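Quick notes on the structure that follows.
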Amino acid sequence: MPRYDFDLITIGAGSGGVAGSRRAGSYGARVAIVEESRIGGTCVLRGCVPKKLLVYGAQFADAFADAAGFGWTVAPPKFDWPVLIAAKNKELDRLEQIYINMLKNSSVEIIEGRAIIADPHTVEIGGRHYTADNILIATGGHPTVPNIPGIEHVISSNEALDLPALPRRIVIVGGGYIAVEFAGIFRGFGSEVVELIRREDLLHGFDNDIRVALAQEMRGRGVEIHARTQVARIEKAPREGYSVFTTSGQEISADLVMYATGRGPNTRGLGLDAVGVKTDDKGAALVDEWSRTSVPNIYAIGDVTDRLNLTPVAIPSPRRSTTTTRSRWTTPTSRPRCSASRRSARSASPRKRRAGNTATMSTFTAPASSR
Ligand SMILES: Cc1cc2nc3c(=O)[nH]c(=O)nc-3n(C[C@H](O)[C@H](O)[C@H](O)COP(=O)(O)OP(=O)(O)OC[C@H]3O[C@@H](n4cnc5c(N)ncnc54)[C@H](O)[C@@H]3O)c2cc1C
């Protein structure tokens, strides 16, 4: 009779949590993954993937404009934002299902609900208690906004990916890669875009040549970039839209105001303090090079650790940490299951991955080409 319900409970089914759970499952561990929202997490549902689909969509404006110079006669192109958003959502549904299947194929049990760590070996989900030898925290992050008057009027990247209509005029606050990419997306679809940045240049921390050249390109395409600008308050305009007031007294009107000024780790209400998991001043879980927290059997990976908040960083670290506990999961009793799942993973995964990528493009392009 095993001492715990599971060898591993992962909290959060995003890029990191799914990768770590599947890897542990392939070693024969009894794994459960808890998710309070949808399977796939930020990258698949609210980040990289939907954003890139909108970037692809926006790029067609250039292709139509260039086509005439290459001998094509193109009827004046018409763009329909709700059609694009519906196609994007269909694609995200498909990807979510792929993630669910991947977890099931790795014998990972999916538990729906919000997890709270009750003690170092117990996770509470909707009033039920599940025990585990190890816990992996992979709860990701969320957009953060400053506490200024009128901040309740703004949207974040989450809402920007799901707008009911394309804004005619949008103010984007922030100079990081998310703000820059959304400025390009909205401008590509024809919105008037004003980007407000605190510093002199965009993309703080990137190579200086890139920062300067990118700003020139963006301005050349009609994005109005206001450097060294901070927002003092935002007011709802009397008829429609909003007024953004800067600290230097400028007023900028827009239909929408989007903030992309930072993200914070999802650790609130998770029970970390009570259980002894140390966090930094932003609430990010502190970990060692093996992604181990201050509680030896509790690990944390991905954006919740606030290191480099990118998918390729979130994915390898849980693989590394689950590999450190592999020896305990590949015991003689668990070996048959382990080798079976490893064999099927070896034979199936590269082909599946390729097939998945091809399907992504064809599924997504179908609605557009049939318009
Ligand atoms: C707009 C945008 C664009 C991006 N573009 C890129 C890009 O182009 N390239 C790139 O590499 N990265 C990109 N990123 C970053 C990337 O999405 C993240 O680094 C990555 O998704 C982090 O993965 P994660 O597993 O740490 O967390 P997440 O993917 O956020 O997963 C965390 C999961 O935990 C769940 N959860 C949280 N708390 C609980 C709880 N208590 N109980 C149960 N479930 C819980 C959440 O619902 C979520 O599903 C982008 C991010 C954004 C916002």
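Computed from label points 7 Å out along Cα-Cβ, the spacing between Arg228 and Ala213 is 2.6 nm. Highest mean packing first, where packing is the average number of other Cβ atoms within 10 Å per residue, the peptides 251-261, 61-71, 125-135 line up as 251-261, 125-135, 61-71. Model label sites at Asp288 and Thr131, defined 7 Å from Cα along the beta-carbon direction, differ in position by 2.6 nm.
May I ask what percent, to the nearest 5, of DSSP beta bridges between residues of region 151-261 are antiparallel? Walk me through the numbers before you get to the answer.
Numbers: 9 of 22 bridges.
Of the beta bridges lying entirely in region 151-261, close to 40 percent run antiparallel.
Evaluate the charge dipole of region 151-261 about its Cα centre and quote only its size in Debye, nearest 20, assuming +1 on the Cβ of each Lys and Arg and -1 on the Cβ of each Asp and Glu.
Numbers: 12 positive and 16 negative charges, 45 e Å.
It comes to approximately 220 debye.
Our note on the geometry: Cα centres of region 56-86 and region 114-174, 34 Å apart.
With R₀ fixed at 45 Å, the C-beta to C-beta distance from Glu200 to Lys104 puts the FRET efficiency at about 0.35. Report the far tail of the P(r) of region 81-195, meaning the percent of Cα-Cα pairs longer than 25 Å. In whole percent, the share of Cα-Cα pairs in region 81-195 beyond 25 Å is 49. Considering region 151-261 at the alpha-carbon level, its Rg and Dmax are found to be 13.2, 43 Å. By the rule of a C-alpha distance below 18 Å, with chain neighbours fewer than 8 residues away ignored, the lysines paired with Lys52 are Lys88, Lys90.
Can you sort Ser191, Ser243, Ser294 so the residue with the fewest Cβ neighbours within 10 Å comes first? Walk me through the intermediate numbers first.
Numbers: Ser191 21, Ser243 18, Ser294 15.
Ascending number of Cβ neighbours within 10 Å: Ser294, Ser243, Ser191.
Sorted ascending by nearby beta carbons within 10 Å, beginning with the fewest, Trp81, Trp290 become Trp290, Trp81.
How would you rank 202-213, 22-33, highest first, on the average number of other Cβ atoms within 10 Å across their residues? Kindly include the intermediate steps, with their values, before the conclusion.
Numbers: 202-213: 13.2, 22-33: 25.7.
Answer by packing, highest mean first, reads 22-33, 202-213.
Of the residues Glu195, Glu159, Glu96, Glu35, the one with the fewest other Cβ atoms within 10 Å heads the list, and the complete ranking is Glu159, Glu96, Glu35, Glu195.
Every read-out reported here was derived from the displayed coordinates using simple, explicitly stated rules and does not represent laboratory data. All values reported here derive from a predicted model rather than from experimental measurement. Cβ: placed from backbone, ideal geometry, glycine included. Neighbour counts: every protein chain shown.
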